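Here the structure comes first, spelled out in structure tokens, and everything after it is commentary.
The values are calculated or read from the model by the stated rules, or taken from the named source; none is laboratory data. This is a predicted model, so every value here is computed, not measured. Virtual Cβ from ideal backbone geometry, glycine too; neighbours counted across all protein chains shown.
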């Protein structure tokens, strides 16, 4: 039957419909194809810039490949078309979701990206994006230490909760809440705005904020008036992750602007630099901004965000970095949190006063993990001497979340001046982290990775191999506990943690 249908198709175009009905012919009907160059108005950024999509697609049978270019990204895509419907996936797409979904309608592509819908038409000459000029990278040298971040920075960042919805009003409300609820006094002093604050450059190349931040200097002054510090965001590329202007070619000028505003902290995100450079350019480009910050005349904590690629833990301090991301972006779920923290293990030799490994911001309070899991989250970040940058809506917290974020005994483990990073040891369903502290005591965290409650035993000989236990304290129960016969046993809930501070006899 199949051969007969194929012979009929060779002489009768009407048989195409029969082939499609039988599932023997893939792709759009009537010979149409998504192959070609397409232009689609997509969105207008908060700084007024248009950000259209330019698609350059090829089609072979049901397979579709090509690129999707926007003002800040060039993404390689691949996918499939069935009938007139297609889905395109990018390697950078998270959660296995398509970057773009579309339907071929006549000579148009009806597209959906996230919640945005648009229509693409065949591109005309001039619709394509110009190629960015590649600026040569500087010769390598060591950037002097700026003297900052002698303990891991603590504060708040808007991105996990607010993303592009952040504005001046919200920042002020968060600052007021951090003062009122005690977070500032607990050590959370940096208030950092992430991407989407950027405006456009004036004729002299100066970058100002967009309409969401009408007076950046006034906002910074307000934060300072509350006894806190202010952080901002940029990229070594022409564009940021959210496709706003980056610092590419304007490093010294932007650093001076930050200093004039009174900025205390810069998160510098690789994102848009990928349009031009490979990972071999990471170090010189981060060095370039490290030099610029030192020349600005203002002490500014330098946070490198390059997702742990290129051995940043080895050279991060040499480009002037005070902290550097060692992982991809965190998500508010157990698997993501555990994955990020376990990637810290090999980075431990490079942590210390003034230079810290960063497994990304805290998700505590964002609602997709249990309070038990959030206590584990907080404990592991403290044990690994990670920056404690909250990422929730500070204005609306349950008492449990407040207690987790402001547990002064756990914060003290993170902020210990010795600056050592714990290392993990797995045994069955348990993972144990041991961190030496400046006063000679040790912090011990035992995490239950299993789906059920289990009993765990901590042996004194493993925690203090050359001494006896003088005292031990459960830092979540806020209670002293006793080692008996050289061991302490406790019940740990699923995904929970036992966190002790154990002191040796002198």
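List of remarks:
- Residue list for the range 80-91, restricted to those being in contact with a strand residue (DSSP E or B) (Cβ under 6 Å, 6 or more places away or on another chain) and within 21 Å of residue 329 (Cβ to Cβ): 89, 90
- Residues being surrounded by 12 or more Cβ atoms within 10 Å (Cβ to Cβ) and part of a loop (DSSP other than H, G, I, E, B) - total across the range 120-137: 7
- Neighbours by Cβ (under 6 Å, 6+ apart or cross-chain): first from the range 49-66, over 30 Å from residue 210 (Cβ atoms); second crowded, with 20+ Cβ neighbours inside 10 Å and modelled with pLDDT under 95: 62/27
Yes or no, residue by residue, for (1) outside any strand (DSSP E or B); (2) within 14 Å of residue 121 (Cβ to Cβ); (3) touching a strand residue (DSSP E or B) at 6+ places or on another chain (Cβ under 6 Å):
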{"site": "42", "(1), (2), (3)": "no, yes, yes"}
{"site": "51", "(1), (2), (3)": "no, no, yes"}
{"site": "59", "(1), (2), (3)": "no, no, no"}
{"site": "78", "(1), (2), (3)": "no, no, yes"}
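- Matching option when the condition is surrounded by 14 or more Cβ atoms within 10 Å (Cβ to Cβ) and not in a helix (DSSP H, G or I), among 410, 425, 447, 417: 447
- For the range 195-222, the candidate set comprises residues that are assigned to a strand (DSSP E or B) and in contact with a helix residue (DSSP H, G or I) (Cβ under 7 Å, 6 or more places away or on another chain); within that set, the residue that is farthest from residue 252 (Cα to Cα) is 209.
- Cβ-Cβ under 7 Å pairs, at least 6 apart or on other chains, the range 462-480 side on the phi < 0 side of the Ramachandran plot, far side at pLDDT below 95 and surrounded by fewer than 12 Cβ atoms within 10 Å (Cβ to Cβ): 467/505; 468/505; 470/505
- Of the candidates 471, 452, the single residue that is surrounded by fewer than 19 Cβ atoms within 10 Å (Cβ to Cβ) and within 21 Å of residue 420 (Cβ to Cβ) is 471.
- Condition check for residue 317: free of Cβ contacts under 8 Å to residues at least 12 places away in the same chain and either out of contact with any strand residue (DSSP E or B) (no Cβ under 9 Å at 6 or more places or on another chain) or assigned by TED's automatic domain parsing to the domain that holds residue 282 (or both): no
- Taken together, the residues in the range 220-238 that are buried (at least 24 other Cβ atoms within 10 Å of the Cβ) and over 26 Å from residue 415 (Cβ atoms) amount to 4.
- Filter pass, residue 150 being closer than 23 Å to residue 381 by Cβ and surrounded by fewer than 19 Cβ atoms within 10 Å (Cβ to Cβ): yes
- Hey, residue 254 at pLDDT 95 or above, part of a helix (DSSP H, G or I) and buried (at least 20 other Cβ atoms within 10 Å of the Cβ) or not: yes
- Any hit, the range 272-289, residues being surrounded by 24 or more Cβ atoms within 10 Å (Cβ to Cβ), in a loop (DSSP other than H, G, I, E, B) and either in contact (Cβ under 8 Å) with a residue 60 or more places away in the chain or not assigned by TED's automatic domain parsing to the domain that holds residue 48 (or both): no
- Residues in the range 81-119 that are in a loop (DSSP other than H, G, I, E, B) and closer than 15 Å to residue 64 by Cα were compared, and the one that is modelled with the lowest pLDDT is 91.
- Any hit, the range 395-417, residues being free of Cβ contacts under 8 Å to residues at least 60 places away in the same chain, more than 17 Å from residue 473 (Cα to Cα) and in contact with a strand residue (DSSP E or B) (Cβ under 6 Å, 6 or more places away or on another chain): no
- Scanning the range 290-308 for residues that are closer than 19 Å to residue 257 by Cβ and assigned to a loop (DSSP other than H, G, I, E, B) returns 296, 297, 298, 299, 300.
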